[in-house]
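The structure under discussion appears below in the form of structure tokens.
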Amino acid sequence: MANRSQVPAARSHGASTAPLLQGSWLTRGAEGRFSAYLPRDGEVVRWTEEPGGHWSGPVSLGGDGLTPFLAVGQGADRYVHLVGLRPTAGGEGHVELVHCVQFQTGRPAAPWRPIGHSNGKGPWTGNPAVAVDAQGRAYAFVRNGGGGLSVRAQKDAGGWHPWWDLHGWGTDPSPVAVCNGEGRVELLTATDKGLLRYVQEESGGRPVRKDVLPADVTFGTLAAVTGPSGHATLFYVDHAGQVRAWSAGRDLEPTAIGEAVGTGRLAAATCLVDGVETTVLARQSADGRLAVASYPSEREPEALAWSEHGQPQASLDTVLTRGADGRLVAMALTGGGAPVATRQKETAGLHLEGWRSIG
């Protein structure tokens, strides 16, 4: 039997025609309206929240033969960076990363541009993650053929730096990337030995690998948020089925905060609940519903209290974010048709409305 840390819970490229999404594929523009992005039929399509609250779309953003994968990152300037995988010539399964930017809500996106692959030419090695630093530079990370991480970063004057090999070994195929309170990019992942962190220590610089922190991590369960202190907190499920939180910036060792429910990857975000900054975790429950747990941000609990919402679904890839009013917004890809969305009710506590299709 394989070690659980070596069994990805997330789908990999080529394993399914169902979309695989990384990062915040539900984004909020400068004017407060949301956009949702989804790979479909070799391109990316976008839905846009209109001023009246209804949604328009889907509208094609092109892509010219993309695989069913999309990574999304958004900067403080609210520009949305999309990173996909496109098949290339030279061998079955060979792929390259491609990138485009959505500058304004509802407007056409910039053309897709290839940014290559850390291995030059070769098959899929992992699912990219993208984060954007305070200066608006995108950092596209991907596991390389050696099992470590590589990154390509945008330059100040346009264009991209060459691929930087960040080293490492045996890493999770689906790492997570965030921007911390200092506006620096962090990449968080795991190996079969423990947790691994890469940090951009200077503006525009190459992220630096930190020592592996021993831990038992189930691959494909990682999620991260930047809390009110400006430090990133990583959440994952360990081999005993416990949700753990780890924040190197806060000197928080991997801490069990409650039993995990259901299956698949975690989703995480912060929002306001009764005026209190709150961290929310979500996962698909055993019966296919959305399971949600919350606690005051950076005050890790001894036991998470989960509640379930909505109707059961065969699959439920969920993203969490916050609206301009601070309330939680959740969107899920249910395996068919348009995504569905729900919002935090205008009542005391964390209560969600029913799922609504945005199509």
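Where a ≥ b ≥ c are the square roots of the eigenvalues of the C-alpha gyration tensor, would you call the stretch 225-359 rounded, which needs a/c under 1.5, or, failing that, prolate if a/b is larger than b/c, or oblate? If you can, show how the numbers build up before the last one.
Values: a/c = 1.91, a/b = 1.30, b/c = 1.48.
It is oblate, given that a/c is not under 1.5 and a/b is not larger than b/c.
Could you tell me what % of all Cα pairs in the stretch 270-310 have separations over 13 Å? When every Cα pair of the stretch 270-310 is considered, 53 percent fall beyond 13 Å.
Are there GluC sites (Glu not before Pro) in the stretch 281-359 that DSSP puts in a loop and that have at most 12 other Cβ atoms within 10 Å, and which ones? Let's see the in-between values first.
On the way: sites: Glu298, Glu302, Glu308, Glu346, Glu353; in loops: Glu298, Glu302, Glu346, Glu353.
Passing both the DSSP loop test and the Cβ count: Glu302, Glu346.
Comparing Val178, Val237, Val273 in a Gaussian network model of the chain where C-alpha atoms under 10 Å apart are linked, the largest mean-square fluctuation is found at Val273. Each principal axis of the Cα cloud of the chain was evaluated for its coordinate range; sorted largest first, these ranges are 55, 47, 41 Å. Under the convention that each Lys and Arg Cβ holds +1 and each Asp and Glu Cβ holds -1, the size of the dipole of the chain around its Cα centre is about 660 debye.
DSSP loop trypsin sites (Lys or Arg not before Pro) in the stretch 151-245 with at most 11 other Cβ atoms within 10 Å of their Cβ, which ones? Before the final figure, lay out each step's value.
On the way: sites: Arg152, Lys155, Arg184, Lys193, Arg197, Arg209, Lys210, Arg244; in loops: Lys155, Arg184, Lys193, Lys210.
Answer in residue order: Lys155.
The reciprocal of the average 1/r between distinct C-alpha atoms defines the Kirkwood hydrodynamic radius, which for the stretch 283-351 equals 13.2 Å.
Restricting to DSSP loop positions (anything but H, G, I, E, B) with no more than 16 other Cβ atoms inside 10 Å of their own Cβ, which chymotrypsin sites (Phe, Trp or Tyr not before Pro) remain in the stretch 40-132? Could you put the intermediate results ahead of the total?
Working: sites: Trp47, Trp55, Phe69, Tyr79, Phe103, Trp112, Trp124; in loops: Tyr79, Phe103, Trp112, Trp124.
The qualifying sites are Phe103.
In percent, what relative contact order does the chain have, based on Cα pairs under 8 Å that are 6 or more apart in sequence? It would help to have the intermediate numbers written out before the result.
Values: 974 pairs, mean separation 38.4, N = 359.
Relative contact order here is 11 percent.
Hydrodynamic estimate: the Kirkwood radius of the stretch 312-359 over Cα pairs, inserted into Stokes-Einstein at 10 °C and 1.306 mPa s, corresponds to D of 140 µm²/s.
Pairs of alpha-carbon atoms within less than 8 angstrom and 6+ residues apart define the contacts here; what relative contact order does the stretch 84-125 have, in percent? Provide the component values of the computation, followed by the final result.
Details: 65 pairs, mean separation 16.5, N = 42.
With pairs under 8 Å counted, the relative contact order is 39 percent.
Net charge of the neighbourhood of Thr105, taken over other residues with C-beta under 12 Å away and scored Lys/Arg +1, Asp/Glu -1, is +2. Electrostatic bookkeeping for Pro162 treats Lys and Arg as +1 and Asp and Glu as -1; over the other residues with beta carbon under 13 Å from its beta carbon, the sum is +2. Dipole orientation for the stretch 24-112: of the candidates Leu70, His99, Trp47, Trp47 has the Cα lying most toward the positive pole (charges on Cβ; Lys, Arg +1; Asp, Glu -1).
Pair-distance distribution of the stretch 48-174: all C-alpha pairs, bin width 5 Å, starting at 0; shares per bin in whole percent are 2, 11, 19, 22, 19, 13, 8, 4, 2, 0. As a rough guide to protection, the peptides 128-134, 161-167 ranked by mean Cβ packing within 10 Å, highest first, stand as 128-134, 161-167.
Over the stretch 34-113, what is the mean sequence separation of C-alpha contacts under 8 Å (at least six apart), divided by residue count, expressed as relative contact order in percent? Could the numbers behind the result be given before it?
Values: 160 pairs, mean separation 17.4, N = 80.
Relative contact order for the stretch 34-113 comes out at 22 percent.
Taken together, the values in this text are just the output of simple stated rules run on the coordinates, not laboratory data. Predicted model only: the values in this text are computed from it and were never measured. In this analysis, Cβ positions are derived from the backbone assuming ideal geometry, glycine residues included, and neighbour counts consider all displayed protein chains.
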